[in-house]
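Contents: one structure, followed by commentary.
The values are calculated or read from the model by the stated rules, or taken from the named source; none is laboratory data. These numbers were taken from a predicted model, which means no experiment stands behind them. FYI the Cβ positions are ideal-geometry reconstructions off the backbone, even for glycines, and counts take in every protein chain you see. The protein model used for the area step is the full one, side chains on, heavy atoms only, and it has no ligands, DNA or RNA in it. Shrake-Rupley method; radii C 1.70, N 1.55, O 1.52, S 1.80 Å.
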Amino acid sequence: MSTPTQSPASPPDPSTDYLDYAALTAYVKHLAETHPRVVRVHSIGISPQGRELWLLTVGVDPERRRPSVWIDGNMHACELAGSSVALALAARLATMLDGGGIAGGGEAATASVPPTVIAAASAPLYYILPRMSPDGAEAVLKTGRFVRSLPRDPRAAHTPPRWLYQDLDGDGLALAMRILDPAGDFVEAPGCPGLLVQRGIADPGPYYKLYPEGIIEHFDGHSVPAFTFMDDNPIDLNRNFPAGWVPHHRQVGAGAFATSEPESRAVVEFAVAHPEIFMWFNFHCFGGVFIRPLGDGPDSKLNQSDLAVFRQLGAWAEEFTKYPMVSGYDEFLYEPDKPLHGDLSDFAFETRGAYAFAIELWDLFARLGMKRPKRFVEYYEQMTRAEVIALYRWDREHNGGRAFPAWRACQHPQLGAVEVGGIDPRHTVWNPPPAQLTEMCGQHFTMLLHAAALTPTLQLSPGPIERTGELVRVTCIVRNLGYLPTHVLHGAKALDIAQPLAVDFSVTHGTLVDPGAAHQVIGHLAGWGHGLDGAANLPAYMQSEGNATQTRVAVWLRGAGAAGKTKVRIRAGGLRTGWVEATLEV
């Protein structure tokens, strides 16, 4: 693993703009140098083009393993806001945990977070991977071309004709291209110069075909192929994870095998090595929605206690970010009864036992005043001409027209006279205008603090020391003071990482009567939380589930010396919780 070196004095601010690789690297260095007590940074992998996958570890005592929150962004190359929000969250966490408060830009919602939430959210570690696809993001930032995840094609050969992005007019960008055609399926919207909309039967010409700015590989001089958005970058990282993975012919973007790509493999290897991750934020763009499990079945198949916790997380999401939380199966399948395979949030939920969700940043549909459809995914499928015009005007008013630059005449080497430009969705559609980032970062920081406050939290409380002749009995209480149980998900109890808790005893200047008592398995401890809108809220049924949040353990000692000479070291914990320790003098 490599470690970043010296950083510049004044790094760029991710909450006000989108950072290229050099600027992002400078920023993570700056965070580690500015907050050495609570921030560590290292690389968990390297891209094929030689860029590091920087991971920030943020927390008080950052080397101590304990329940952890994972945050990642920019696995899809065009979705740059994910990296900006992830970096801004890291900066706010570092400031908060280093004693600098949490106002971070003066957001009113953040400033009003209750002290109990701040205290609980200060307990876990935070693992933050701001950019999962550094090669893809760099291509988007520098060329404007569309890249789903990775700007590479690992296939040995591609024989059918296809479109390849290319800058045709020398402006450094590869955007869109339109060609006059009497059979064209697009037309300029009346009163909106340059804006193309789907052609209707009443529309007068001129008519256009719309393609990417680029050339046709294997062009036969006549046939123009259709453009598919993954022609020259066929792997989608969010289909490459080992959770329900299926091959490409069944799932577009799957890759040659699960974790075939170094970027997804690095994330999986880190997650497997850190079973204490209990909450997973996977940032995408765009839409303004939290997408939660299940991805392959209705809520009736989801453990109902886990569903109640998701309802609580969803209520906070709506309160603090104004984004709804929806079921991936019920509201986000692109085709009915055809679940997506190999996505990251399913991997985190199904195999790592974490409360996981994909967050589509940038509530563009709400900004345009669009009515929410029955299924959230229909926002992307059923945009009317009036709504496209509303977007065009919104861009003119709030973004300087960056999304719809003017068309420019150009000579195409294969097709003759064309126009290029016209559509640049980087800073209006795929991502918000940079001016919108600061508010967004503050909203998601408030949401993060509330989600992180659910952390399981172990406590050791020494009990009374009892003497019976030459024998001494030492007891202690192991408690879970956290909202979630120590196994986190109720539906994850069967996972290998959901091993029961154990308590270890070691003695100096004395011996255990029963050496086998040095390691005692105590099972799991309940949390005090029940989620939202469950039966426990109904006054007629309000009752606690006993004291399942704690258990008592004891050992007998022989040969205890004078007071203060014999010491008993007690260590309690497990894979999901980390370990807590206490030392008693007998």
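Test of understanding: extend the Cα→C-beta vector of Glu397 to 7 Å, then name every residue of the stretch 334-378 with backbone N under 12 Å from that spot.
Residues passing the 12 Å test: 367-369.
Hey, what do the phi angles of the stretch 75-89 turn into as Karplus ³J(HN,Hα) couplings, whole Hz, using 6.51/-1.76/1.60 and θ = phi - 60°, x for Gly and Pro?
6, 9, 4, 6, 8, 5, 4, x, 5, 5, 5, 4, 5, 5, 5
Work out how much length Asn303 to Thr384 would gain on full extension: take 0.36 nm times their residue separation and subtract the Cα-Cα distance, in nm to one decimal.
Extra length available between Asn303 and Thr384 comes to 25.3 nm.
By the gyration tensor of its Cα atoms, with a ≥ b ≥ c the square roots of the eigenvalues, what is the shape of the stretch 311-372: rounded for a/c under 1.5, prolate for a/b over b/c, or oblate?
Oblate shape, in that a/c is at least 1.5 and b/c is the bigger or equal ratio.
Extension gain Ala202-Arg408, at 0.36 nm per residue separation less the Cα-Cα distance, in nm?
Gain on extension, Ala202 to Arg408, equals 71.5 nm.
What full-extension length gain, to one decimal in nm, is calculated for Ala540 and Asp504 as 0.36 nm per residue of separation minus the Cα-Cα distance? Before the final figure, lay out each step's value.
On the way: separation 36, 0.36 × 36 = 12.96 nm, distance 4.16 nm.
Extra length from Ala540 to Asp504 when fully extended: 8.8 nm.
For the chain, what is the mean residue ellipticity at 222 nm derived from helices alone (per DSSP H run of n ≥ 4: -39500 (n - 2.57); sum divided by total residues; nearest 500 deg cm²/dmol)? Display every interim value, and only then the final one.
On the way: 12 runs with 125 residues, N = 586.
Result for the chain, helices only: -6500 deg cm²/dmol.
Given a Förster distance of 60 angstrom, what is the FRET efficiency for Gln459 paired with Ile215, based on the Cβ-Cβ distance and rounded to 0.05?
Plugging the Cβ-Cβ distance into 1/(1 + (r/R0)^6) gives 0.40.
Using the heavy atoms of the protein chains and a 1.4 angstrom probe, tell me the accessible area per residue for the chain in square angstrom.
Value for the chain: 41 Å² per residue.
What is the magnitude of the charge dipole of the chain about its Cα centre, with +1 placed on the Cβ of each Lys and Arg, -1 on the Cβ of each Asp and Glu, and no other charges, expressed in debye to the nearest 20?
That gives the chain a dipole magnitude of about 1660 debye.
For the stretch 308-335 and the stretch 184-232, what is the separation of their Cα centres, given in Å?
With the stretch 308-335 and the stretch 184-232 each reduced to a Cα centre, they are spaced 36 Å.
So for the chain, taking the charge dipole from beta-carbon charges (+1 Lys/Arg, -1 Asp/Glu), which of Ala271, Ala348, Phe505 sits furthest toward the positive end?
Phe505
Hey, which lysines would be in cross-link range of Lys301, C-alpha to C-alpha under 23 Å, not counting anything within fewer than 8 residues on its own chain?
Lys338, Lys374, Lys493
So, with +1 on the Cβ of K and R and -1 on the Cβ of D and E, and no other charges, what is the size of the charge dipole of the stretch 196-250 about its Cα centre, to the nearest 20 debye?
Dipole magnitude for the stretch 196-250 comes out near 260 debye.
Would you mind computing, in nm to one decimal, how far apart the modelled labels at Glu335 and Asp20 are, each placed 7 Å from Cα along Cα→Cβ?
4.0 nm
So, with +1 on the Cβ of K and R and -1 on the Cβ of D and E, and no other charges, what is the size of the charge dipole of the stretch 436-586 about its Cα centre, to the nearest 20 debye?
Around 460 debye, computed over the stretch 436-586.
Identify all aspartates and glutamates with a Cα-Cα distance to Lys322 below 14 Å; exclude those on the same chain that are fewer than 8 residues away in sequence.
Glu360, Asp363, Glu439
Using the Cα centre of the chain as origin and beta-carbon charges of +1 (Lys, Arg) and -1 (Asp, Glu), tell me which of Leu368, His158, Pro206 is placed farthest towards the positive end of the dipole.
Leu368
List the residues, sorted by chain then number, that are 5 or more residues from Asp181 or on another chain and whose placed amide H is less than 5 Å from its amide H.
Tyr207, Tyr208, Lys209
Distance from the Cα centre of the stretch 60-91 to that of the stretch 450-489, in angstrom?
First find each Cα centre; the distance between them is then 31 Å.
Measure off, as a whole percent, the carbon and sulfur share of the 1.4 Å-probe accessible area of the stretch 209-299, all protein chains present.
Carbon and sulfur atoms account for 59 percent of the accessible area of the stretch 209-299.
Please list, by residue number, everything in the stretch 80-97 whose backbone N is under 19 Å from a paramagnetic label point 7 Å out along Cα→Cβ of Arg37.
The answer is 90-97.
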